[in-house]
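Step one of this worksheet: look at the structure below.
Coordinate-derived values only; no laboratory data. Here the structure is a predicted model, which means the values were calculated and not measured. Backbone-built Cβ (ideal geometry, glycine too); neighbour counts: all protein chains shown.
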Amino acid sequence: MRERFHILYQTVLLLIVAAVLLTACSSDSSEAQTNPAGKDPVDHVVHIVPFATSYIEQASGHRAAPVGYSEYLPNRNTKMGIYMLEEGNTSSDGEKLIKYLGKWRASFDVANDKTYTVYGYLPKQGDMSSSLSDVSDEKATLTINGMSPVTTDDICIITGVSKTEAGLKEGSFSWIHDYNDDNYFMYLLLNHLYASVRFSMKIEEEYAQLRTIKLKSMTLSTNKGSVSAEISLTHNTTGAIPITNVTYTETGTSSEADIFSDDEGIALETTPMTIDACFAPTLSGSLTLFSIYDVYDSKGNLIRQDCTSTNKIPALDAKRGERVQINLAVNPTYLYVLSHKDLNNLFVIE
């Protein structure tokens with residue numbers, strides 16, 4: 001019997017800490033360049049320390065401002081795309097990039113005592129691009145193109161901005177810079193754009209006494225090649241999630257993501273090993289998992305190399321921000337055919 005668990009993503013909290021340099025220098029073309037009134041351009045080095053809350057069961061609800069959180073780090077070097085609109089300006093001068101190279105760093109100039117409206121997303125990978133439209137004092141539409149349908153990246157949207165932690169809440173996108181401050185802060189709340197699947201894999205005790213399975217790779221694929229999302233954001237003062245609508249558009253015929261890889265292979269234990277991936281929620285019924293593994297006998301001798309297993313994932317019924325767990329185990333039939341040359345398709349979904 002297949003066992004599935006639905007888990008709800010919590011809001012991600014980012015803390016942006018900026019230190020002002022005493023010398024002026026030019027900014028990169030992808031960075032905001034607004035001169036403070038009466039001041040020379042000053043380069044601001046921004047150190048970003050992101051934090052994410054742990055997953056909770058869907059039935060437990062969703063907290064907009066988590067009390068406890070752990071550090072959130074991308075799984076590779078990446079970028080954050082943001083838009084900073086000066087108060088009264090409804091047109092953007094384009095997406096600005098904040099780079100992550102082990103740490104989040106950015107440089108941009110802002111005007112003293114000006115209020116900015118901040119929109120954005122992360123991580124920005126590959127062919128991803130974005131645009132901002134339908135901007136007013138109360139709303140905006142953020143469109144992201146070129147997203148991978150399946151990925152290990154947790155794509156998130158900024159849903160709250162504040163200068164202080166106490167003032168942070170979803171639905172508020174305003175941020176004010178005080179040039180006289182020695183240091184300044186920008187706090188961000190993020191909300192998840194994709195759904196997630198967690199594969200939990202283990203080997204039963206009876207089989208573990210006879211065989212060792214070393215997992216070498218897992219690939220998640222789907223029948224679409226690219227995804228775009230149009231996200232409608234509406235400001236509010238109540239702390240409600242400001243994402244009022246998301247429209248996903250899929251194009252292309254196929255794509256895949258390597259969600260696990262180890263050349264030597266990782267031995268499956270009797271306790272579960274978990275591997276996570278993200279996917280566009282509109283594709284929850286068209287996912288396929290492909291695994292490669294080696295099989296050893298009880299003495300550590302290699303029996304079969306590069307065996308493969310293909311599992312069609314059942315419709316997950318997962319919405320944006322939800323995670324579904326899929327339990328994979330060794331097919332019990334293989335307890336009775338250990339000498340069979342064909343050790344492919346060893347895994348079954350419980």
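I'd like the FRET efficiency for T271 and I303, computed as 1/(1 + (r/R0)^6) with the beta carbon distance as r and R0 of 35 Å, rounded to 0.05. All intermediate terms of the calculation are to be shown ahead of the outcome.
Working: r = 23 Å, r/R0 = 0.66.
Efficiency for this residue pair is about 0.90.
If you wrap a convex hull around the Cα atoms of region 125-195, how much volume per residue is inside, in Å³? Let's see the in-between values first.
Working: hull volume 10.1 nm³, N = 71.
Once divided by residue count, the hull of region 125-195 is 142 Å³.
What's the long-distance tail for region 218-262, i.e. % of Cα pairs beyond 17 Å?
Numbers: 561 of 990 pairs.
Result for the distance tail: 57 percent.
Starting from region 218-307, pick out the GluC sites (Glu not before Pro) whose DSSP state is loop and whose Cβ has at most 15 other Cβ atoms within 10 Å. Don't skip to the answer; put the middle values down first.
Values: sites: E230, E250, E256, E264, E269; in loops: E269.
Loop-located and lightly packed - E269.
Please list, or write none, the lysines whose alpha carbon is within less than 18 Å of the alpha carbon of K124, excluding same-chain residues fewer than 8 places away.
K79, K96, K99, K103
Within region 180-332, how many lysine pairs that are 8 or more places apart, or on different chains, have C-alpha atoms less than 20 Å apart?
For region 180-332, the number of qualifying lysine pairs is 9.
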